[in-house]
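What follows is a single structure, written as structure tokens, with notes after it.
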Amino acid sequence: MNKFIAERIHAVPSSGIRKFFDIAATMQDVISLGIGEPDFTSPQRVITAGVQALQHGETHYTSNNGLFELREALADYIEGLYGIRYNPQDEILISVGVSEALYLIAMSIINPDDEIIIPEPCFVSYAPEIVFAGGKPVLIPTYMEEDFQVRVADIEAAITPKTKAILLGYPNNPTGAVLDYDRLLAIARIAEKYDLIVISDEIYDRLVYGVKHTQFATLPNMRDRTLVLGGFSKSHAMTGWRVGYVTANADFIAAMRKVHQYTIMSAPTVSQFAALEALKCEEDVQAMVAEYDRRRQLLVKGLNELGLTTFEPRGAFYAFPNVSASGMDGDTFSERLLYEEHVAVVPGGAFGESGKNFVRACYATSYEQIEQALERIYRFMQRHG
């Protein structure tokens, strides 16, 4: 072990997602149900807007907070969706994707040994970002039998004098769970009772099926104690543009801006102009959501018919089947499925201990590819089920 490497780096494992894709990259004829990325290309008008921005000489820094026109448009967009208004001057910050936004929040609010409560399974970056900032992630399991809805009593039981925030990621990656309104309201009351911050990662807010998304900051008395993460990567098929945002009260944004300006300066200018155009692409968003829903129904039905019990995801673009019927845990199942049938999924344990008997299967790939993947998984289960 290199003595010059910081201890906090050793305290965090490498991403459990990338291991299997490094292997898959060396193989032929792999169907990937792995990486959480839309298979759609960004809407053409978004691409055109980016090209035109370059042609018009938009190759310089923007404000640290981001292009003001984009912040103005976002304020209107969010108000139109959820009825909550943020001041584009000092309550919105444009980031390099939601990943940077989470880093900025962690660095801005966490003092040494502060505790952040996180329901899991959850996105792989949550706990490491807390550790990098010197805090302590406190992980709470959720269960398929309860539709991966976090128990409010478990959150309250985890609170100590060192607790500073609750970090929520709903619609959820990897499970596809969406918290019901009453549970969100109960969490809001807990946050108020114990004077906690809520960090709400809502990158999948537009990708919901048969349910309504509630922005956490719209709950009673939550606006000024909630930091909402959002972006364009998933809803607008813009992962490579790397543009996200945070909405919060001005004190939080000012603190985040200080970290942002010393590490990144500003999000890519061309991407911000593209994002500005993306806000006008509602028909494209709705078309993608409809197609994801079609694929969702195919994959969930298919996995359940194969004996891989899968609860119905109501958001994002992931199914999270329990693979215990194969006699394997998620790690073994994923590895053997990749080598034997050339289908790539992600072991559920990459998202937390409570996911160890599951795998994440992403349906942001074509309907035909999902059909072929199910045929291969059927052959696999015939041998191992």
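Table: residues versus (1) in the same structural domain as A191 (by TED's automatic domain parsing); (2) assigned to a strand (DSSP E or B); (3) of a type in the set (S, T, Y); (4) touching a residue at least 24 places away in the same chain (Cβ under 8 Å).
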residue: H213; (1), (2), (3), (4): yes, no, no, yes
residue: A217; (1), (2), (3), (4): yes, no, no, yes
residue: L227; (1), (2), (3), (4): yes, yes, no, yes
residue: S233; (1), (2), (3), (4): yes, no, yes, yes
residue: H236; (1), (2), (3), (4): yes, no, no, yes
residue: Y245; (1), (2), (3), (4): yes, yes, yes, yes
residue: R257; (1), (2), (3), (4): yes, no, no, yes
residue: Y262; (1), (2), (3), (4): yes, no, yes, no
residue: M265; (1), (2), (3), (4): yes, no, no, yes
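For region 312-323, the set of residues classified as crowded, with 16+ Cβ neighbours inside 10 Å and either of a type in the set (K, R) or at negative phi (or both) consists of P313, R314, G315, F317, Y318, A319, F320, P321, N322, V323, listed by residue number. Each residue in region 151-176 was checked for being assigned to a loop (DSSP other than H, G, I, E, B) and either at pLDDT below 95 or farther than 24 Å from D293 by Cα (or both), and 5 of them qualify.
To keep it simple, each residue is scored yes or no on (1) part of a helix (DSSP H, G or I); (2) in contact with a His (Cβ under 8 Å, 6 or more places away or on another chain).
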| site | (1), (2) |
| --- | --- |
| F333 | yes, no |
| R336 | yes, yes |
| S354 | yes, no |
| T365 | no, no |
| E368 | yes, no |
| R376 | yes, yes |
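Candidates are the residues of region 110-134 that are touching a Lys or Arg at 6+ places or on another chain (Cβ under 8 Å) and closer than 25 Å to L179 by Cα; the one that is surrounded by the most Cβ atoms within 10 Å (Cβ to Cβ) is I116.
From the list E340, E305, the one residue that fits, being more than 22 Å from D22 (Cα to Cα) and charged (D, E, K, R), is E305.
On the given criteria, is I159 aliphatic (A, V, I, L, M), in contact (Cβ under 8 Å) with a residue 40 or more places away in the chain and closer than 24 Å to L33 by Cα?
Numbers: aliphatic (A, V, I, L, M): yes; in contact (Cβ under 8 Å) with a residue 40 or more places away in the chain: yes; closer than 24 Å to L33 by Cα: no.
Here the answer is no, as I159 does not meet what is asked.
Considering only region 80-96, state which residues are in contact (Cβ under 8 Å) with a residue 40 or more places away in the chain and on the phi < 0 side of the Ramachandran plot. Across region 80-96, the qualifying residues are L81, Y82, I84, Y86, N87, D90, E91, I92, L93, I94, S95, V96.
For region 240-268, which positions are polar (S, T, N, Q) and crowded, with 18+ Cβ neighbours inside 10 Å?
Our first condition is that a residue be polar (S, T, N, Q); within region 240-268, this holds for 247, 249, 261, 263, 266.
The answer is T247, S266.
Within region 265-299, the set of residues being within 16 Å of T41 (Cβ to Cβ) and touching a Gly at 6+ places or on another chain (Cβ under 6 Å) comprises just one member, A274.
The values are calculated or read from the model by the stated rules, or taken from the named source; none is laboratory data. Fair warning: this is a prediction, and the values are worked out from it, not measured in the lab. We place every Cβ from the backbone using ideal geometry, glycine too, and count neighbours over all the protein chains shown.
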